[in-house]
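Please read the structure below before turning to the comments.
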């Protein structure tokens, strides 16, 4: 991620926090970034240096006319278009979400289990991870029968590996090493 994208994301976060619109700005930013991400023609149009800035600004105005983006996001998109930084929109979105999560005490946990979990099991796991991390956790659960049993949880760069496969590997290593 670029330093420039981080500066723009931080500026947008500061404005959104001041206006108490962090969630609304995040949704609006997601909608517009998804539109750019899904349209290769739109990305090509905005990355073409021969297209005049006025044409790009007019295209953004049309895009914003049909979107339901909050005024803060609309103004932000117009600004980054004028500054020729719209190509960094996806990075800005990702960084904005990281900043929003930090500010709101949230974290995303990627959890791998051997078999699907019930709602009650997911809630129990969420509670345990919230106690470990001190943050409100949003779970993303996926199944992988190769872990044999247990749970592997990743929050940011921290990994808790309580899988049966890992425990068996540990036992095997301790037997080999004597």
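The values are calculated or read from the model by the stated rules, or taken from the named source; none is laboratory data. Because the structure is a prediction, the values reported are computed rather than measured. We place every Cβ from the backbone using ideal geometry, glycine too, and count neighbours over all the protein chains shown.
Numbers at a glance
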{"quantity": "Hits in segment 46-56 (condition: surrounded by fewer than 14 Cβ atoms within 10 Å (Cβ to Cβ) and assigned to a helix (DSSP H, G or I))", "calculated": "47, 53, 54, 55"}
{"quantity": "Criterion (in the same structural domain as residue 126 (by TED's automatic domain parsing) and either touching a helix residue (DSSP H, G or I) at 6+ places or on another chain (Cβ under 6 Å) or more than 30 Å from residue 124 (Cα to Cα) (or both)) met by exactly one of 58, 109", "calculated": "109"}
{"quantity": "Every residue from segment 126-178 that is under 20 Å from residue 114 (Cβ atoms), out of contact with any strand residue (DSSP E or B) (no Cβ under 8 Å at 6 or more places or on another chain) and part of a helix (DSSP H, G or I)", "calculated": "128, 145, 146, 164, 165, 167, 168, 169, 170, 171, 172"}
{"quantity": "Criterion: surrounded by 13 or more Cβ atoms within 10 Å (Cβ to Cβ), over 25 Å from residue 134 (Cα atoms) and either touching a strand residue (DSSP E or B) at 6+ places or on another chain (Cβ under 9 Å) or without any contact (Cβ under 8 Å) to a residue 60 or more places away in the chain (or both) - qualifying residue of 115, 11, 109", "calculated": "11"}
{"quantity": "Every residue from segment 14-42 that is surrounded by 11 or more Cβ atoms within 10 Å (Cβ to Cβ), free of Cβ contacts under 8 Å to residues at least 24 places away in the same chain and farther than 19 Å from residue 106 by Cβ", "calculated": "34, 39, 42"}
{"quantity": "Unique residue being under 30 Å from residue 16 (Cβ atoms) and either surrounded by 10 or more Cβ atoms within 10 Å (Cβ to Cβ) or touching a residue at least 24 places away in the same chain (Cβ under 8 Å) (or both) when the list is 164, 125, 129", "calculated": "129"}
{"quantity": "Of residues in segment 122-152 being modelled with pLDDT of 90 or more and touching a helix residue (DSSP H, G or I) at 6+ places or on another chain (Cβ under 6 Å), the one nearest to residue 100 (Cα to Cα)", "calculated": "137"}
{"quantity": "Residue 82 being more than 16 Å from the chain's Cα centre (by Cα), assigned by TED's automatic domain parsing to the domain that holds residue 45 and modelled with pLDDT of 90 or more", "calculated": "yes"}
{"quantity": "Filter pass, residue 103 being in contact (Cβ under 8 Å) with a residue 60 or more places away in the chain, exposed (fewer than 14 other Cβ atoms within 10 Å of the Cβ) and in contact with a helix residue (DSSP H, G or I) (Cβ under 7 Å, 6 or more places away or on another chain)", "calculated": "yes"}
